[in-house]
1. Hey, among the residues in the stretch 241-265 that are farther than 15 Å from Phe344 by Cα and among the hydrophobic types (A, V, I, L, M, F, W, C), which one's surrounded by the most Cβ atoms within 10 Å (Cβ to Cβ)?
2. Pick from the stretch 182-196 the residues that are surrounded by fewer than 19 Cβ atoms within 10 Å (Cβ to Cβ) and not acidic (Asp, Glu): which of them is farthest from Ile156 (Cα to Cα)?
3. Working carefully through the options Val86, Val146, Val67, find the one that is at pLDDT 90 or above, more than 14 Å from Gln202 (Cα to Cα) and open to solvent by less than 30 Å² (accessible area, probe 1.4 Å).
4. Would you be able to say whether some residue in the stretch 102-112 is open to solvent by 10 Å² or more (accessible area, probe 1.4 Å) and touching a residue at least 40 places away in the same chain (Cβ under 8 Å)?
5. I'm trying to understand the selection: among the residues of the stretch 177-202, which are more than 20 Å from the chain's Cα centre (by Cα) and either in a strand (DSSP E or B) or within 23 Å of Ala84 (Cβ to Cβ) (or both)?
6. Can you tell me which condition Asp97 does not meet? The list is (1) out of contact with any helix residue (DSSP H, G or I) (no Cβ under 8 Å at 6 or more places or on another chain); (2) at pLDDT 95 or above, and all the others hold.
7. Do we have Phe238 as within 28 Å of Ala142 (Cβ to Cβ) and surrounded by 19 or more Cβ atoms within 10 Å (Cβ to Cβ) here?
8. Within the set of pairs 6+ apart or on separate chains, which have a first residue in the stretch 187-203 that is at positive phi and charged (D, E, K, R), a second that is surrounded by fewer than 23 Cβ atoms within 10 Å (Cβ to Cβ) and modelled with pLDDT of 95 or more, and C-beta atoms under 9 Å apart?
Amino acid sequence: MPSARMKSRLLMVAKIHQLLLLLTVVAPIYISTCGLVPMHAVAATSTTPQHRHDEASATPNIHAVVVSSSRYWFNYRHANNALAIVDLLRNNGVPHDHITLMMADEFPTNPRNKYKNGMYVHGADAESTLYNATTFVHYRGADVTVQNFLNVLLGIEEGQSSTTTATPNSSGDRSNVLRSNSQSNVLVYVTGHGGDQFFKFQDEEEITSLDFKRAFDQMHQRGRYRNLLFVADTCQAFTLADHIDTPNVITIGSSLRDENAYAHHSDSNLGLSVIERYTYGFTQQYKKRHHGTNDDATVEDVMLRPFGWSADPSRCSRSRLGAHIGVKQEFSERKVDTLRFADFFGSNDDTSIEADRGSDFHMQWISAANDASVQIAR
């Protein structure tokens, strides 16, 4: 017969065994309820890919400065141009802290905006707003100036000297300046009103082609990019490239000297044009033809050839935009036929992002190039 001490030990072992069995049942439920991760799942969790918006390792070293420089309600379309670019960058996984947005007016809250706190290309019933709670405008209103724009490009923060450059931001903060480096692909996109070799900021000041050249020269000297794509969607846009000869800078302008940039369509509820033909065209071209299917599409594939551009000037056409696309790339080692669109705009395999409603992309264009209702220039 076992002794009293032995019985006590056997009873304790039995209770411990029961407790362990209970833990195997209760612990997973507790962990799941409290949002904790069990140790055996750590390895599996660490290898699970996150969404591209949050996974820095999946995103190329892309930085962007996007500018809408026009004030006043009738320039609504310029703000939508800029927001369409930011929307494309964000959907393609470029982190918010790699994008600096400058918007000169508060169009979403304008009393005449029937889509309160929203900005739409085809109205609230057809799409989600381009402007929402996640849209971060770094410079707005009176802060959209030539000097602030130049400071952003050169990485000069408020209170810094012109010889001090901001370092790359690893904290995820929404930085107000460009924090690129010598390995970065940088997109500089501007939209607004312009003329022969100048671009206007709020009808109060101008930045010239020579100013752009000097800014890009300094960026090159400071090692702030590897390749830089400068895109201007404005009247006489390509004249902004006249003085630019900085290494590895490619300029694309939506119109040549003495040509205008035209709006694509109007919104009857707003009573004005809502987006420019070129910006609308190439963002839709990407969504319709290349998004989620071909990350190897080049800048030429998406931004040039669909609009009548050819490396042979005699074969260029102005039928779709009402103007000719201009490209300056002779000072860049890589050309538009080898640089990927994704190198500047990111890429995303999520095919749920759709182009605007309608038939084939080519049918989206205004058939009458001289339709006065959409030709708003200068």
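1. Ala261
2. Only one residue fits best here, namely Gly195.
3. Residue meeting the stated conditions: Val86.
4. yes
5. Passing the criteria: His193, Gly194, Gly195, Phe198, Phe199, Lys200, Phe201, Gln202.
6. Looking at each condition in turn, Asp97 falls short on (2).
7. So Phe238 fails the test.
8. Close Cβ pairs satisfying both conditions: Asp203/His193.
The values are calculated or read from the model by the stated rules, or taken from the named source; none is laboratory data. Bear in mind that the values here come from a model prediction, so they are computed numbers and not experimental data. Note that we place each Cβ from the backbone using ideal geometry, even for glycine, and neighbour counts take in every protein chain shown. Accessible surface is based on the protein model in full, side chains and every heavy atom, while ligands, DNA and RNA are left aside. Shrake-Rupley method; radii C 1.70, N 1.55, O 1.52, S 1.80 Å.
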